[in-house]
Amino acid sequence: MQRTIGLLLTLFGMSMPSQAAEYAQGRQIAELPDVLSFRERVQPINDMVTDRLDNLLPKLMQEADLDMWLVINREYGEDKLFYTLVPQPTFAARRTTLLVFSKQADGSVERFSVSRYPIGDLYPTVWKGGTKAQQWQRLAEVIAERDPKRIGINVSEDWALADGLSVGLHQQLLKVLPGKYQERLVSAENLAIRWLETRSQKELNVYPQAVTLARRVIAEAFSNKVITPGVTTTKDVEWYLRERFEELQLRP
């Protein structure tokens with residue numbers, strides 16, 4: 001899942017044309033809300049991601065009783081939550097990308113990457129570069145420096161989207177952590193699920209437009225613009241919906 005539902009909702013512009021198109025069966029279907037181009041979406045999406053990281057994540061980490069959260073990613077095999085945490089446009093992790101979220105005494109969350117490069121303005125890196133082994137060792141060092149009591153990792157028996165840490169990366173983590181920190185590793189399942197399911201106010205503000213867009217595309221699909229009784233198949237309608245959203249630069 002490259003993004004949460006909330007991030008998808010930033011795709012819609014604010015104007016709502018009132019002009020209606022009339023199809024043969026007599027139903028009137030208003031034109032669609034404006035949809036932002038891929039390039040135009042970057043700023044509103046990043047505003048929402050930043051808002052979620054600054055204001056939502058600290059509350060969720062407190063609820064989950066986690067002092068630190070590790071989201072560990074391999075290039076082209078990223079944790080599914082990775083794309084909901086990073087700014088756009090981000091097409092993939094760079095080699096091994098280690099995201100760290102550390103709860104502070106005042107309840108805020110420090111965030112950074114233990115990777116060769118920073119990720120936009122959201123994740124400065126605390127590693128100067130070197131070998132892969134040195135990168136993992138640096139992760140162990142920053143964990144020891146902060147001495148978290150409960151370290152969340154994305155492993156889950158029941159929730160696929162909370163189970164993004166691969167076996168290979170998990171083994172690498174265990175290899176570099178001293179025993180006392182291995183014992184502090186816990187499932188971040190509750191945090192991951194709450195992160196995915198919780199909508200911020202910024203996201204809720206665009207929900208009406210998302211619903212309007214979906215309903216109007218559905219109305220088109222079930223109108224005589226698309227359906228010829230006795231000729232059109234359900235598969236034809238399915239493909240119309242898929243291709244119509246692609247035409248709007250939306251991922252069906």
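The values are calculated or read from the model by the stated rules, or taken from the named source; none is laboratory data. Predicted model, so just to flag it, every value in this text is computed and none were measured. Cβ placement follows ideal geometry from the backbone for every residue including glycine, while neighbour counts extend to all protein chains displayed. Calculation scope for accessible area: heavy atoms of the full protein, side chains included, ligands and nucleic acids excluded. Shrake-Rupley method; radii C 1.70, N 1.55, O 1.52, S 1.80 Å.
Charged side chains reduced to their Cβ positions (Lys and Arg at +1, Asp and Glu at -1) give the chain a dipole of some 540 debye around its Cα centre. Between residue 36 and 12, 13, the built amide H atoms are under 5 Å apart, and every one of these is 5 or more places off in sequence or on another chain. Converting phi to 3J(HN,Hα) with the Karplus coefficients 6.51, -1.76 and 1.60 and the offset θ = phi - 60°, the range 202-208 yields 4, 6, 4, 4, 9, 4, x Hz in sequence order, with x at every glycine or proline. Over the range 147-252, the hull volume per residue, using the convex hull of the C-alpha atoms, is 171 Å³. Take the Cα pairs of the chain, get the Kirkwood Rh, then feed it into Stokes-Einstein at 25 °C and 0.890 mPa s and tell me D in µm²/s. After rounding, the answer is 120 µm²/s.
Remark: the chain carries 53 Å² of accessible area per residue (probe radius 1.4 Å; ligands, DNA and RNA excluded). Cross-linked pairs 103/175; 128/202; 80/235; 103/128: Cα-Cα separations exceed 28 Å for 128/202; 80/235. Per residue and in cubic angstrom, what volume does the convex hull of the Cα atoms of the range 51-189 have? With only Cα atoms used, the range 51-189 gives 108 Å³ per residue. Using bins of 10 Å that start at zero, the share of Cα-Cα pairs per bin across the range 67-115 amounts to 26, 52, 19, 3, in whole %. Rounded, prolate or oblate for the range 108-156? Axes are the square roots of the Cα gyration tensor eigenvalues, ordered a ≥ b ≥ c, and the cut-off for rounded is a/c under 1.5. Judged from the Cα gyration tensor, the range 108-156 comes out oblate (a/c at least 1.5, b/c at or above a/b). Remark on residue 185: its backbone amide H falls under 5 Å from those of 151, a criterion applied only to residues 5 or more positions apart or on other chains, H modelled at 1.01 Å from N. What the Cβ-Cβ distance of residue 105 and residue 238 gives, at R0 = 41 Å and to the nearest 0.05, is a FRET efficiency of 0.15.
Expressed as a whole percent, the accessible area of the chain that falls on carbon and sulfur atoms is 51 (1.4 Å probe).
Centre-to-centre, using Cα atoms only, the range 169-217 and the range 226-245 are separated by 35 Å.
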